[in-house]
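The values are calculated or read from the model by the stated rules, or taken from the named source; none is laboratory data. Everything numeric in this text was worked out from a predicted model, so none of it was measured. Here the Cβ positions follow ideal geometry from the backbone for every residue, glycine too, while neighbour counts run over all protein chains shown.
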């Protein structure tokens with residue numbers, strides 16, 4: 001009952017790492033992965049190592065001398081095809097112009113689809129979901145989105161998700177996701193929550209290349225930007241923003257979905273949730289400790305604060321992928337039990 | 001789908017507080033409560049205030065003058081009947097010699113039964129469960145037990161639970177329960193767990209009277225005692241033990257079910273879990289901060305420790321009852337989905 005076959009839409013940083021982390025659990029089998037130009041399918045389980053090498057972009061092997069021709073079809077063949085080709089360079093993949101349709105075509109072999117596509121238009125993920133609804137997909141869709149307003153768009157689709165048999169888990173990365181789950185847990189000492197403070201630190205020097213999309217999305221939270229202006233920035237302009245802040249970006253009162261997700265789970269009012277953090281792209285050390293503080297009133301009249309802290313050595317990637325796969329499995333359980341619609345991570349937690 | 005009717009077996013400290021805390025959620029309705037001598041039933045929901053007053057023992061009202069007869073049938077009538085009568089003193093209750101049978105007789109109106117009976121023989125709760133199996137009970141049974149070996153006895157009953165349609169949630173109080181849930185959450189940064197350290201502090205001055213059973217059970221964890229010798233201690237002997245330790249009992253390497261419950265949930269090996277803590281019965285202030293530390297290795301090769309801490313002002317009662325009701329609701333969800341057998345709290349958490 002616990003075995004789960006899943007697909008990954010998008011093989012950027014989050015998609016790739018999810019595939020990598022899934023190798024550590026036998027019960028999780030990736031069977032489909034795609035990006036814009038290619039789709040890899042293996043019902044018995046993808047060869048993740050091969051696929052990761054193909055999508056890594058920065059393959060650790062000696063440069064070939066000019067004119068040399070490699071014919072062994074292995075890692076070198078991947079390299080020959082070049083990083084921009086993505087999944088299509090994998091031996092397991094085919095080029096495609098319709099990756100989502102191709103995933104949907106495999107959906108009877110798929111229990112859950114991780115939508116690992118950050119930093120698109122607000123309605124991008126909802127529109128991807130629409131495609132699955134149109135195809136009468138039955139199963140889990142799960143994303144790692146951050147923006148509150150996307151939840152509303154997904155909510156509007158609740159009826160069609162229920163009709164199709166889709167359990168949509170939204171915001172299942174580090175924050176929201178891991179940290180709203182921690183808040184839901186920490187809330188259990190209390191009968192009433194006064195405040196939830198989510199504060200994150202990310203050091204991203206060596207992961208910068210792999211996580212440009214995430215950095216761009218974070219810039220959209222700075223006072224002078226929004227998601228539209230941030231999307232339109234060239235890579236050079238993003239570098240300028242980062243340099244202007246000496247590589248360290250500090251965020252307060254972010255529009256992060258943590259607030260609406262905690263309200264959905266009946267933990268507290270959205271307005272009682274604050275989210276902020278510090279991103280350092282010049283160091284792998286976290287500039288501040290990721291901390292969740294939940295303040296509430298106990299049934300016996302005391303007011304206190306429970307605290308959850310992540311060790312500074314745990315990378316953003318580690319804190320996205322484990323939770324995302326955990327929520328994915330919980331979502332499959334809900335789906336198999338016939339529970340359809342939209343769920344946030346905190347709703348998947350035990351809570352009284 | 002989320003509305004839950006539940007019964008409470010036992011109206012000592014844990015049973016009473018669970019009834020009290022349940023009043024803060026509309027979706028939770030207590031419909032049956034019993035102790036050795038009485039059973040209260042109301043399918044529309046018990047009047048918890050009245051029942052708590054009846055079972056409190058230390059009713060806050062003026063003593064009656066000798067010879068005075070109260071006839072108003074309210075709180076004073078409760079007081080006249082006296083604390084030793086327990087539930088039977090409630091206006092909602094009937095005296096009984098077969099409380100468990102009486103609860104079973106109501107089971108079609110009950111989604112879950114909280115077994116709030118600490119400190120009996122090891123096989124007491126398993127034998128209570130047998131009674132429910134014999135009656136073909138379909139629903140959740142949930143306890144707040146602490147001892148590892150009871151889990152084995154419950155495991156042996158897995159087949160009969162599955163046949164009957166019982167979802168048994170074991171160890172769903174503060175520890176195990178709340179703290180194993182926290183450990184399961186904190187583990188999500190890691191692909192491999194090296195150590196889980198659970199350390200609790202309890203200050204129990206004003207709650208001492210209500211929690212004698214818990215204190216007795218804790219004494220059983222001291223080096224010179226076991227559960228049998230602790231059970232045979234008179235109240236006076238327990239006082240002596242407490243005085244000998246100046247009211248502060250410190251525990252290390254406790255046989256707490258946290259270890260087997262975390263292993264069941266595939267978080268880590270039982271031997272990698274340590275449980276200890278400090279109990280102070282002379283102060284309501286916690287003698288140490290309740291802390292869960294989970295040390296593990298991330299997918300990218302770092303070793304770190306995530307930490308969960310409860311505020312010192314949160315009482316043991318607050319940290320038992322919220323989680324117990326949360327796990328109860330999760331158990332009902334599993335039961336309704338047709339998932340039967342034995343589950344620990346950590347198994348109800350999202351986890352990859």
Quiz item: Across segment A:1-22, what is the number of residues that are within 11 Å of chain B (Cβ to nearest Cβ) and in a loop (DSSP other than H, G, I, E, B)?
Solution: 2
Practice problem: Could you please let me know if residue A:284 is under 22 Å from residue A:311 (Cβ atoms) and touching a helix residue (DSSP H, G or I) at 6+ places or on another chain (Cβ under 6 Å)? | Solution: no
Quiz item: Could you say which residue among A:302, A:263, A:255 is over 30 Å from residue A:112 (Cα atoms) and not assigned by TED's automatic domain parsing to the domain that holds residue A:112?
Solution: A:302
Practice problem: Scan segment B:169-187 residue by residue and report those that are at pLDDT below 95 and more than 17 Å from residue B:270 (Cβ to Cβ). | Solution: B:172, B:173, B:174
Quiz prompt | Conditions (1) facing chain A (nearest Cβ under 7 Å); (2) at pLDDT 95 or above; (3) farther than 22 Å from residue B:7 by Cβ; number of the one not met by residue B:293 | solution = (1)
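Residue by residue, here is whether (1) within 24 Å of residue B:278 (Cβ to Cβ); (2) touching a helix residue (DSSP H, G or I) at 6+ places or on another chain (Cβ under 6 Å); (3) in a loop (DSSP other than H, G, I, E, B) holds:
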| position | (1), (2), (3) |
| --- | --- |
| B:101 | no, no, no |
| B:108 | no, no, no |
| B:121 | no, no, yes |
| B:137 | no, yes, yes |
| B:152 | no, no, no |
| B:163 | no, no, no |
| B:196 | yes, yes, no |
| B:202 | yes, yes, no |
Quiz item: Of the conditions (1) touching a residue at least 60 places away in the same chain (Cβ under 8 Å); (2) surrounded by fewer than 24 Cβ atoms within 10 Å (Cβ to Cβ); (3) in contact with a strand residue (DSSP E or B) (Cβ under 8 Å, 6 or more places away or on another chain), residue A:213 fails just one. Which one is it?
Solution: (3)
Exercise. Check residue A:125 against each of (1) under 24 Å from residue A:179 (Cα atoms); (2) assigned to a loop (DSSP other than H, G, I, E, B) and name the one condition it does not meet.
Key: (2)
Practice problem: Please work out if residue A:274 is within 11 Å of chain B (Cβ to nearest Cβ) and under 30 Å from residue B:313 (Cβ atoms). | Solution: no
Exercise. Name every residue in segment B:190-218 that is more than 30 Å from residue B:300 (Cβ to Cβ) and either modelled with pLDDT of 90 or more or within 14 Å of another protein chain (Cβ to nearest Cβ) (or both), in order of residue number.
Key: B:200, B:201, B:202, B:203, B:204, B:205, B:206, B:207, B:210, B:211
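Criterion first (crowded, with 16+ Cβ neighbours inside 10 Å and modelled with pLDDT of 90 or more) does residue B:85 satisfy it?
Working: crowded, with 16+ Cβ neighbours inside 10 Å: yes; modelled with pLDDT of 90 or more: no.
Taking the combined requirement at face value, the residue does not satisfy it.
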Quiz item: Looking only at segment A:111-146, which residues are more than 23 Å from residue A:219 (Cβ to Cβ) and within 13 Å of the chain's Cα centre (by Cα)?
Solution: A:113, A:114, A:141, A:142
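For segment A:134-146, give me each residue that is surrounded by fewer than 22 Cβ atoms within 10 Å (Cβ to Cβ) and either within 21 Å of residue A:325 (Cβ to Cβ) or in contact (Cβ under 8 Å) with a residue 24 or more places away in the chain (or both).
Quick first cut of segment A:134-146, residues surrounded by fewer than 22 Cβ atoms within 10 Å (Cβ to Cβ) only: A:134-138.
Correct list: A:135, A:136, A:137, A:138.
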Quiz item: Looking at this structure, is residue A:307 in contact with a strand residue (DSSP E or B) (Cβ under 8 Å, 6 or more places away or on another chain), farther than 19 Å from residue B:331 by Cβ, facing chain B (nearest Cβ under 7 Å) and surrounded by fewer than 24 Cβ atoms within 10 Å (Cβ to Cβ)?
Solution: yes
Practice problem: Filter segment B:313-350 down to the residues that are facing another protein chain (nearest Cβ under 7 Å) and over 21 Å from residue B:18 (Cβ atoms), then identify the one that is surrounded by the fewest Cβ atoms within 10 Å (Cβ to Cβ). | Solution: B:337
Practice problem: Mind listing whichever residues of segment B:165-189 are buried (at least 24 other Cβ atoms within 10 Å of the Cβ), more than 11 Å from chain A (Cβ to nearest Cβ) and in a loop (DSSP other than H, G, I, E, B)? | Solution: B:170, B:171, B:175, B:176
Quiz item: Going through segment B:23-53 one residue at a time, which ones are within 14 Å of chain A (Cβ to nearest Cβ) and either within 14 Å of the chain's Cα centre (by Cα) or surrounded by fewer than 16 Cβ atoms within 10 Å (Cβ to Cβ) (or both)?
Solution: B:24, B:26, B:27, B:49
